[in-house]
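For reference, the structure is listed below as structure tokens.
The values are calculated or read from the model by the stated rules, or taken from the named source; none is laboratory data. Predicted model only: the values in this text are computed from it and were never measured. FYI the Cβ positions are ideal-geometry reconstructions off the backbone, even for glycines, and counts take in every protein chain you see. Side chains included, ligands, DNA and RNA excluded: accessible areas come from the protein's heavy atoms. Shrake-Rupley method; radii C 1.70, N 1.55, O 1.52, S 1.80 Å.
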Amino acid sequence: MLKLINNIENKKIDSRILGDKIFAGIVFLFAGITISPIIFIIYELIVKGYKQINLAFFTEIAPDTYEAMVALNNGKVIPGGILNGITGTLTMVSLAAIMAIPLGILIGIFLYENASKRYSSVVRDITDILQGVPSIVLGLISYFWIVKNITNGFSALAGSTALAIMMLPLIIRSTEETLKMIPETIKEAALALGVPYHKIILRVLIPTGFSGLLTGVLLAISRIIGETAPLMLTALGSMKVSFDIEKPISAVPLLIWEFYNDPNMVDLIWASSLFLMILVLTLNLVSKYILEKRG
Amino acid sequence: MDELIKQIKNPVLSLQNLSVSYNKAKTAVTNVSVGIKRNKVTAIMGPSGCGKSTLLRAINRMHDLYPNIDVSGEIFLNGKNISEMSDILLRRKIGMVFQRPNPFPTMSIYDNVIAGYKLNGIRLKKSEKDEIVEKALNDVVLWNEVKDSLTKKGTFLSGGQQQRLCIARAIAFLPDVILLDEPTSALDPIATKKVEELLIELKEKYTIILVTHNMSQAASISDYSMFMYLGELIEYGKTKTMFINPVDKRTEEYLTGKFS
């Protein structure tokens, strides 16, 4: 009798071990399939873009098509770089961050504090909808608000506004989620010391959740830094280095689009894409690192 | 029940007809009237869910934070009705220590002790701060353990040390009363012992109200005890008397372990 039971159990265990191995194999296979695109993308960008990455790439503005053609015909690398794009992206992203971060964090705090009120669930739903609005639509809206009425022409301000609206929902939700993760006991500890409410938020909750808030902001920036469509309708692009927020301005993704339309600039497309990709990747990795360090 | 107030002369706290209910339906504390003796340890005992913590949190008006909790009845601190005091001022006079140690994770040990001053924007000289920190940490017998690592984060300490740090944070503000909500339930036996010894020392200077579900803790460190059951105050008196000779049958059953 006992032998019989042992036999049955052995058989069962054998088939289980086999099933286990098959399942593990499938999991590995799909994990590999999932990560392969990113590896191919980075490989492709490096292979095609590395030769344009030099000092001039970061310190000179984009060349005109004639300069590029001459260089190509002589078998040299294209002169010039993407400095006007880099400064433009920096200007617009900073401006967008200045607009979106305070507002986003305040709304996030509001949602956290009034989690169960009906009004806040409306705000939360609107935030989710905002996140789904196509970026080109935000560009159009910013065109009508800013380009037509405020700056009377394409401008960095208009571009930043579109980007800021894109950042808002991300910052709002990450702020709310971060604050929710802070144990209620920390809040009560401050409350029991007689600390007024606004100070609990400013001096206890925000410092405690700071790394989470920072991560949310970094991810929001990495999300908008490569946006092209809304900028075409608002910032337009510019061939010179500019910090004037009322004037048209360039951006790295805008330059990529311009390079794409010029048969002489093909190499610069890849180099600029590589640069943008590395920037986004770095932002993502830094935010992951911050989150892990907190945990 | 009125006798329970009268038997304590010149109480630091007196509760009159205090009731607390959740969502207007579930009553957690029913009509409790009691006086708390100055510079003594008063333990609140009872089985889980009997309303001990709810009662305690009514004393520093922590319930104000939650709109679904209703508190009725009156509480007097040194003869003053607490509902007429600002909640901020009240909580400065009544310190609280929680079930789980909750030092502020972003602050150093030093800053945690003076958090009450710091967060309330009370400016102190460096020498005054140093004095407060050293005295409070000495009072909780933590000074020798942490004096060389005051700049480290409060969360760097062990659980028992963290809880003593939290007590230091509460007493640094020189409160009239300290409320402790099962302060040792998350600690190991050695850390528990240390906190218990500390409480016995602290009662020289402070009035302590201690919620506990640990009977031997109540017996060893409290002077007065309350026994609560299903939201009602069943019995209140000197701890020795209550443990030796409980009046109510339910108290006796609880103390002899018939239910818990």
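In contact (Cβ under 8 Å) with a residue 60 or more places away in the chain, more than 18 Å from A:Gly194 (Cβ to Cβ) and of a type outside the set (Asp, Glu): is that true of B:Gly73 in this structure?
No; evaluated as a whole, the condition is false for this residue.
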(request) Sort out which residues of the range B:102-114 are facing chain A (nearest Cβ under 7 Å), open to solvent by 10 Å² or more (accessible area, probe 1.4 Å) and not hydroxyl-bearing (Ser, Thr, Tyr), and write them in order of number. (result) B:Pro105
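Rundown of residues vs (1) within 8 Å of chain A (Cβ to nearest Cβ); (2) surrounded by fewer than 19 Cβ atoms within 10 Å (Cβ to Cβ), yes/no style:
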position: B:Thr54; (1), (2): no, no
position: B:Ala58; (1), (2): no, no
position: B:Tyr66; (1), (2): no, yes
position: B:Gly73; (1), (2): no, yes
position: B:Gly79; (1), (2): no, yes
position: B:Leu89; (1), (2): yes, yes
position: B:Arg100; (1), (2): yes, yes
position: B:Leu119; (1), (2): yes, no
(message) Among the residues of the range B:75-90, are any under 30 Å from B:Gly257 (Cβ atoms) and part of a strand (DSSP E or B)?
(response) no
(message) Tell me whether the range A:185-196 contains one or more residues that are of a type in the set (D, E, K, R) and under 30 Å from B:Lys93 (Cα atoms).
(response) yes
(request) May I ask you to say which residue of B:Met215, B:Met242 is open to solvent by less than 80 Å² (accessible area, probe 1.4 Å) and free of Cβ contacts under 8 Å to residues at least 40 places away in the same chain? (result) B:Met242
(message) Test of understanding: among A:Phe30, A:Phe58, A:Phe40, which residue is surrounded by fewer than 13 Cβ atoms within 10 Å (Cβ to Cβ) and in contact (Cβ under 8 Å) with a residue 24 or more places away in the chain?
(response) A:Phe58
(message) Please go through (1) within 30 Å of A:Pro248 (Cα to Cα); (2) open to solvent by 40 Å² or more (accessible area, probe 1.4 Å); (3) without any contact (Cβ under 8 Å) to a residue 60 or more places away in the chain for A:Phe154 and return the number of the only condition it doesn't satisfy.
(response) (3)
(request) Out of the residues in the range B:167-182 that are away from every other protein chain (no Cβ under 11 Å) and part of a loop (DSSP other than H, G, I, E, B), state the one that is least open to solvent (accessible area, probe 1.4 Å). (result) B:Glu182
(request) Mind checking which helices (runs of 4 or more DSSP H) fall wholly inside the range A:127-206 and carry at least 2 residues that are within 14 Å of chain B (Cβ to nearest Cβ)? (result) A:156-181, A:184-192
(message) Can you go through B:Leu90, B:Leu142, B:Leu55 and tell me which one is touching a residue at least 24 places away in the same chain (Cβ under 8 Å) and either within 20 Å of B:Arg164 (Cα to Cα) or small (Gly, Ala, Ser) (or both)?
(response) B:Leu142
(message) Of the residues B:Ser185, B:Ser158, only one is closer than 20 Å to B:Phe98 by Cβ, among the hydroxyl-bearing types (Ser, Thr, Tyr), surrounded by fewer than 18 Cβ atoms within 10 Å (Cβ to Cβ) and within 14 Å of chain A (Cβ to nearest Cβ); which?
(response) B:Ser185
(request) For B:Leu199, state whether it is buried (at least 21 other Cβ atoms within 10 Å of the Cβ), assigned to a helix (DSSP H, G or I) and within 20 Å of the chain's Cα centre (by Cα). (result) yes
(request) Give the residues of the range A:270-285 that are aliphatic (A, V, I, L, M) and open to solvent by less than 30 Å² (accessible area, probe 1.4 Å), sorted by residue number. (result) A:Ala271, A:Leu274, A:Leu276
(request) May I ask you to say which residue of A:Lys288, A:Lys240, A:Lys247 is at negative phi, part of a helix (DSSP H, G or I) and either open to solvent by 50 Å² or more (accessible area, probe 1.4 Å) or touching a helix residue (DSSP H, G or I) at 6+ places or on another chain (Cβ under 8 Å) (or both)? (result) A:Lys288
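Going residue by residue through the range A:89-98, is there one that turns out to be modelled with pLDDT under 95 and either β-branched (Val, Ile, Thr) or in contact with an Asp or Glu (Cβ under 7 Å, 6 or more places away or on another chain) (or both)?
no
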(message) If I ask for residues that are of a type in the set (D, E, K, R) and farther than 19 Å from B:Phe98 by Cβ, which ones from the range A:169-200 would you list?
(response) A:Arg173, A:Glu176, A:Glu177, A:Lys180, A:Lys199
(message) Just to be sure before I move on: is A:Ile78 open to solvent by less than 70 Å² (accessible area, probe 1.4 Å), farther than 14 Å from A:Ala162 by Cα, of a type in the set (Val, Ile, Thr) and at pLDDT 95 or above in the structure I sent?
(response) no
(request) Go through (1) of a type outside the set (A, V, I, L, M); (2) in contact with a Gly (Cβ under 8 Å, 6 or more places away or on another chain); (3) within 30 Å of B:Glu252 (Cβ to Cβ) and name the single condition B:Pro175 misses. (result) (3)
(request) Scan the range A:207-223 residue by residue and report those that are crowded, with 20+ Cβ neighbours inside 10 Å and facing chain B (nearest Cβ under 7 Å). (result) A:Thr208
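Residue-wise test of (1) loosely packed, with under 15 Cβ neighbours inside 10 Å; (2) within 14 Å of chain A (Cβ to nearest Cβ); (3) part of a helix (DSSP H, G or I).
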| residue | (1), (2), (3) |
| --- | --- |
| B:Ile132 | no, yes, yes |
| B:Val141 | no, no, no |
| B:Asn144 | yes, no, yes |
| B:Leu165 | no, yes, yes |
